[in-house]
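In what follows, a single structure is set out as structure tokens and then discussed.
The values are calculated or read from the model by the stated rules, or taken from the named source; none is laboratory data. These figures come from a predicted structure and were not determined experimentally. Cβ atoms come from the backbone with ideal geometry, glycine included; neighbour counts cover every protein chain shown. When the accessible area is computed, the model is the full protein with side chains, heavy atoms only, and any ligands, DNA or RNA have been set aside. Shrake-Rupley method; radii C 1.70, N 1.55, O 1.52, S 1.80 Å.
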Amino acid sequence: QVQLVESGGGLVRPGGSLRLSCAASGSISAMAWYRQAPGKQRELVGTIANGGTSTYADSVKGRFTISRDNGKNTVYLQMNSLKPEDTAVYYCNNPPYLRRLPWGQGTQVTVSS
């Protein structure tokens, strides 16, 4: 079964940027980024189809960009204009309409001054 490893998180000031990576151990199709803030349910951040078409939650639209490198089985999440409310653990996985892969460990993003 495909394993997922997220990386690239860290502490950043409001207005800053981070680029997250999700490396898969095997071939992937459509993928998605999710996040889970303390005390909240995991939520969908956005999706990317195999061909590169992406969708985003309203809360991140215009600030976040999902991309992929199919040759490397890797998906990226470019996050700009970060806000404190973006603080969460970020995960990648299949989109909601596909069966989930085992969840990775996620990568912590903290936006704070």
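For the reader, a short list of remarks on this structure follows.
- Antiparallel DSSP beta bridges within the chain, as percent of all bridges there, nearest 5: 90 percent
- When each of the peptides 8-16, 96-104, 75-83, 63-71 is scored by the mean number of other C-beta atoms lying within 10 Å of its residues, the order from highest to lowest reads 75-83, 63-71, 8-16, 96-104.
- If you wrap the Cα atoms of segment 1-62 in a convex hull and average its projected area over all directions, you get 5.5 nm².
- For the chain, accessible area per residue (1.4 Å probe, heavy atoms of protein chains only), Å²: 52 Å²
- What the phi angles of segment 33-43 give under the Karplus curve with 6.51, -1.76 and 1.60, with θ = phi - 60°, is a coupling list of 10, 10, 8, 9, 8, x, x, 10, 6, 5, 10 Hz, glycine and proline written as x.
- Using every pair of distinct Cα positions in the chain, the Kirkwood expression returns a hydrodynamic radius of 13.8 angstrom.
- Carbon plus sulfur fraction of accessible area for segment 1-75, probe 1.4 Å, in percent: 47 percent
- Only the Cβ atoms of Lys and Arg (+1) and of Asp and Glu (-1) were treated as charged; on that basis the dipole of the chain about its Cα centre amounts to roughly 20 debye.
- Over the chain, Cα pairs under 8 Å with separation of 6+ residues give a relative contact order of 37 percent.
- A simple rule links phi to the HN-Hα coupling: the Karplus curve 6.51 cos²θ - 1.76 cosθ + 1.60 with θ = phi - 60°, which for segment 65-75 gives 9, 9, 9, 8, 10, 5, x, 9, 6, 10, 10 Hz, with x for Gly and Pro.
- Computed packing ranks the peptides 35-43, 47-55 as 47-55, 35-43, most packed first, by mean other Cβ atoms within 10 Å.
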